[in-house]
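A short write-up of the structure that comes next.
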Amino acid sequence: MTDLMRYAAALEGAPGKKGLPPVERWDPPYCGEMNLKIRRDGLWIHEGTPIGRARLVRLFSTVLKREGDRYFLVTPVEKLGIEVEDAPFLAVLMRSDGEDEARRLTFVTNVGDEVVAGADHEIVFRTHEETGEATPYVHVRAGLWALVARPVYYDLVALGETRKTERGEEFGVMSRSVFFPFAPAAFVKSES
């Protein structure tokens, strides 16, 4: 059993809710690759089989670290490379509280993280290589992003508004006094 598996087992049995481990401060030696893939749809696959225990996926997600374009599961004593197809998390729910400048958009990921979009948790659009579609992502923590699930994206668009920015009129959403543009307003008008 690897140290990572022992660490996960110890965390799973620990009482009470704890904060996230300080993985950004850990720099253990690289110990090879783990046969683990996080698919674009948020499913975690270990050795070809989906991990069915949500608590185990949550535990592994707390020791996930990104270095450059690579992802690793880390403990204080080992680092194992894993494959991530797109983003490691999926934003599956969104709440909107307040209006205008006071609006707060809270996203919940498939592994239970909650983040409020704002200066520390940006919403960005990236063009997907295979489909050419612009897809929204929200920053979760330490370079780890969540792909915004399609139903949540529709909810996000429903809250959209047009604002003047330094790039002209843009369509987007406001959260914690930060405007996140989706597209030029002229493009949105031509699509409707």
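So the values come out like this:
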{"item": "Average projected area [Cα convex hull, the chain], square nanometres", "result": "12.6"}
{"item": "Equivalent ellipsoid semi-axes, segment 89-191, via Cα gyration tensor eigenvalues times 5, rooted, Å", "result": "21, 17, 12"}
{"item": "Spin-label model distance (nm) - residue 43 vs residue 134, 7 Å beyond Cα toward Cβ", "result": "3.1"}
{"item": "Projected label distance in nm at residue 20 and residue 150, using a 7 Å step from Cα toward the beta-carbon", "result": "2.8"}
{"item": "Stretch gain in nm, segment residue 33-residue 120, where the contour uses 0.36 nm per residue and the Cα spacing is subtracted", "result": "28.2 nm"}
{"item": "Highest-fluctuation residue, 78, 166, 133 considered, GNM on the chain with Cα pairs under 10 Å", "result": "166"}
{"item": "Taking 79, 65, 37, 164 and counting other C-beta atoms within 10 Å, the order from fewest to most", "result": "164, 37, 65, 79"}
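Bear in mind that the values in this text are calculations on the coordinates, not laboratory data. Every value quoted in this text rests on a predicted model; they were computed, and no experiment measured them. Heads up, the Cβs are rebuilt from the backbone with ideal geometry, glycines too, and the neighbour counts pull from every protein chain shown.
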